[in-house]
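A.B. asks: The structure follows.
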Amino acid sequence: MDRFQVIPAAYVVLRRGDEVLLLLRANTGYMDGYWAVPAGHVEQGESVLTAALREVREEVGVKIDPADLVPVTAMHRTGGNGLPIDERVDFFFTASRWEGEPRLMEPDKAAGLDWYSLDKLPDPVVPHEARVLAGLRSGGLPAVIAQGFE
């Protein structure tokens, strides 16, 4: 019998005071037209920390010292449809220090990039990311979130 598998992903919330950097997703086939934080799948043989640093560099062109990557929460989520593609474990980090000026590095995958106050986020934000951003705003996030399960 095949073992149950989940897809791991790393998310990096770049913070500038009470503002966060968001990308407007486009042409990806997933949540296009929604605002999102820099993120991506963990590749085989790669740690989630390495994936977080790589994704933020690839998507917004900044370099983060691993010591400046702060774990915030992990989210185990499901689409509830039984499809393996919808079984996820997401690791969320914040960073308030980095090298370089954030810029749109993948214009084929994102149509915009901007800073938003946690009190005035654009609409729509990818729903599971919106939940984490709301927790950052209120200052209350559990270490682990389960979403989509009964």
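The values are calculated or read from the model by the stated rules, or taken from the named source; none is laboratory data. Keep in mind the model is a prediction, meaning the values are calculated, not measured. For neighbour counting, all protein chains shown are included, and Cβ atoms are generated from backbone atoms with ideal geometry for every residue, glycine included.
A.B. asks: When you look at V125, is it in contact with a Phe, Trp or Tyr (Cβ under 6 Å, 6 or more places away or on another chain), under 18 Å from D32 (Cβ atoms), touching a residue at least 12 places away in the same chain (Cβ under 8 Å) and surrounded by 14 or more Cβ atoms within 10 Å (Cβ to Cβ), yes or no?
C.D. replies: Yes, satisfied.
A.B. asks: Oh, and also: Anything in the range 1-50 that is aromatic (F, W, Y) and surrounded by fewer than 16 Cβ atoms within 10 Å (Cβ to Cβ)? List them, or say none.
C.D. replies: Of everything in the range 1-50, those that are aromatic (F, W, Y) and surrounded by fewer than 16 Cβ atoms within 10 Å (Cβ to Cβ) turn out to be F4, Y30.
A.B. asks: Mind checking which residues of the range 27-62 are under 14 Å from A111 (Cα atoms), touching a helix residue (DSSP H, G or I) at 6+ places or on another chain (Cβ under 7 Å) and either of a type in the set (A, V, I, L, M) or not in a loop (DSSP other than H, G, I, E, B) (or both)?
C.D. replies: A36, V37
A.B. asks: In the list A130, A110, which residue meets the criterion of being within 17 Å of G40 (Cα to Cα), free of Cβ contacts under 8 Å to residues at least 40 places away in the same chain and not hydroxyl-bearing (S, T, Y)?
C.D. replies: A130
A.B. asks: Answer with yes or no whether A67 is at pLDDT 95 or above, part of a helix (DSSP H, G or I), surrounded by fewer than 20 Cβ atoms within 10 Å (Cβ to Cβ) and not acidic (D, E).
C.D. replies: In short, yes.
A.B. asks: How many residues are assigned to a loop (DSSP other than H, G, I, E, B), exposed (fewer than 12 other Cβ atoms within 10 Å of the Cβ) and not acidic (D, E) if we restrict to the range 128-150?
C.D. replies: So the count comes out to 5.
A.B. asks: Here's another thing I want to ask about it. Taking R77, is it touching a strand residue (DSSP E or B) at 6+ places or on another chain (Cβ under 7 Å), surrounded by 17 or more Cβ atoms within 10 Å (Cβ to Cβ) and within 20 Å of A146 (Cβ to Cβ)?
C.D. replies: yes
A.B. asks: To continue, here is another question. Can you tell me which residue within the range 1-21, out of those that are in a loop (DSSP other than H, G, I, E, B) and closer than 17 Å to A51 by Cβ, is modelled with the lowest pLDDT?
C.D. replies: Q5
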